Amino acid sequence: MGKFVPQVGRTGVQVKPNHFYKCELAARLALDAFGMRNMAAKLEVRTMVPEGAGMGSSTSGVVASIRAIARSVAAYRGSRVLLAPHLQAKLAVAAEHACDSLMFDCTSSTILFAHRMGKVVQVFNGPLPQMYILGFDTGAANSGIGTDRLPRARYSRDQIAAFGCALAVLERAISEQSVALAGRVATFSAIQSESALQNPLKKPKFDELLRIKEDIGSAGIVVAHSGTVAGLIFDPNLPDLRSRMDEAKAAIGRLGFDIRCTFSTPY
């Protein structure tokens, strides 16, 4: 959540907490985009998203800041201001170099998003199938991940070619609303991440996690490519879902990983 308070007779944006410098930059860029380069303001950002875990904390703060400014500009001008999601994405990428796709509503469709360009590459005809996720933290970096300091992942030509096949399977998963197929795509993506030519964020005990997935009958495993969190995917319609979840929690706990949350997707 972003709270934006314009100030008269001053310049610059003062952000609180002060380490949210990406939000400060996003605010300045948004003001410039609205033609209000000389406006000063106080910006307060509050988030419940854990920082440095790969859960989109920076993008959520940046998007909240941009939207707060849009509301303030609308109030100042006395007219409605519409800031389309693709424009929010453009500002977010300018502020943080790469962003998540949080500014897009994916309740009725699924998008393939180029996170370093802030562009939608492909729109799939439908939402992701309903899935139940057991989320946990691999603890690869207890102090959190600074994605700005990470080198980019590098993949082989064969891996890059295989991503095209994975997208075709994802399209079918969405068309058929198949949790099994969606889980296969997520697992494929996680394995490619772990076996990349250069991967700055390998997950500890990944092979053990794959064995847990197989033993418990999870549909797939999903990992944050810019953080420490991961998750096991389950079909919410399984008659023994609760017992499988309990078994998975116990197995993950034995690996020394902390359970973050359980949730369903899409929301």
*Condition test on LEU232, is it out of contact with any Gly (no Cβ under 6 Å at 6 or more places or on another chain), part of a helix (DSSP H, G or I) and surrounded by 19 or more Cβ atoms within 10 Å (Cβ to Cβ)?*
no
_Near pairs, Cβ below 8 angstrom, 6+ apart or cross-chain, from the stretch 85-109 (at positive phi) to any residue that is of a type in the set (Lys, Arg) and open to solvent by 10 Å² or more (accessible area, probe 1.4 Å)_ = HIS97/ARG116
*Restricting attention to the stretch 88-117, report how many residues are within 20 Å of ALA27 (Cα to Cα) and open to solvent by 70 Å² or more (accessible area, probe 1.4 Å).*
6
*Mind checking whether some residue in the stretch 27-43 is under 20 Å from the mean Cα position of the chain (by Cα) and open to solvent by less than 30 Å² (accessible area, probe 1.4 Å)?*
no
*Hey, among ARG211, ARG184, ARG172, which residue is farther than 25 Å from LEU255 by Cα, open to solvent by 50 Å² or more (accessible area, probe 1.4 Å) and basic (Lys, Arg)?*
ARG172
*Could you tell me which residue of the stretch 141-162 is modelled with the lowest pLDDT, considering only residues that are exposed (fewer than 14 other Cβ atoms within 10 Å of the Cβ), assigned to a helix (DSSP H, G or I) and not hydrophobic (A, V, I, L, M, F, W, C)?*
ASP148
*All but one of (1) over 29 Å from SER101 (Cα atoms); (2) in contact with a Cys (Cβ under 8 Å, 6 or more places away or on another chain) hold for PRO266, so report the exception by its number.*
(1)
*Please state which of the following conditions CYS165 fails to meet, knowing it meets all the rest: (1) in contact (Cβ under 8 Å) with a residue 24 or more places away in the chain; (2) open to solvent by 60 Å² or more (accessible area, probe 1.4 Å).*
(1)
*Identify the single condition in (1) without any contact (Cβ under 8 Å) to a residue 40 or more places away in the chain; (2) surrounded by 22 or more Cβ atoms within 10 Å (Cβ to Cβ) that VAL49 does not satisfy, given that it satisfies every other one.*
(2)
_Residues (more than 19 Å from HIS225 (Cα to Cα) and of a type in the set (Asp, Glu)) located in the stretch 98-113_ = ASP105
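Would you point out which residue out of ALA186, ALA250, ALA166, ALA182 is out of contact with any strand residue (DSSP E or B) (no Cβ under 8 Å at 6 or more places or on another chain), within 27 Å of ASP105 (Cβ to Cβ), at pLDDT 95 or above and not in a strand (DSSP E or B)?
Result: ALA166 is the single residue among ALA186, ALA250, ALA166, ALA182 that is out of contact with any strand residue (DSSP E or B) (no Cβ under 8 Å at 6 or more places or on another chain), within 27 Å of ASP105 (Cβ to Cβ), at pLDDT 95 or above and not in a strand (DSSP E or B).
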*Working only within the stretch 239-260, note down all residues that are touching a residue at least 12 places away in the same chain (Cβ under 8 Å) and either basic (Lys, Arg) or open to solvent by less than 50 Å² (accessible area, probe 1.4 Å) (or both).*
LEU241, ARG244, MET245, ALA248, LYS249, ALA251, ILE252, LEU255, PHE257, ARG260
_Of the conditions (1) part of a helix (DSSP H, G or I); (2) buried (at least 19 other Cβ atoms within 10 Å of the Cβ), SER218 satisfies every one except a single condition; which number is it?_
(1)
_Here are the criteria: (1) more than 19 Å from PHE113 (Cα to Cα); (2) out of contact with any Leu (no Cβ under 7 Å at 6 or more places or on another chain); (3) open to solvent by less than 10 Å² (accessible area, probe 1.4 Å). Tell me which single one PRO17 does not satisfy._
(3)
*Quick check, is VAL73 buried (at least 17 other Cβ atoms within 10 Å of the Cβ) and modelled with pLDDT under 95?*
yes
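The values are calculated or read from the model by the stated rules, or taken from the named source; none is laboratory data. On a predicted model such as this, the values are computed, not experimentally measured, just so you know. Note that we place each Cβ from the backbone using ideal geometry, even for glycine, and neighbour counts take in every protein chain shown. Ligands, DNA and RNA are stripped out before the accessible areas are found, and what is left, the full protein with its side chains, is counted by its heavy atoms. Shrake-Rupley method; radii C 1.70, N 1.55, O 1.52, S 1.80 Å.
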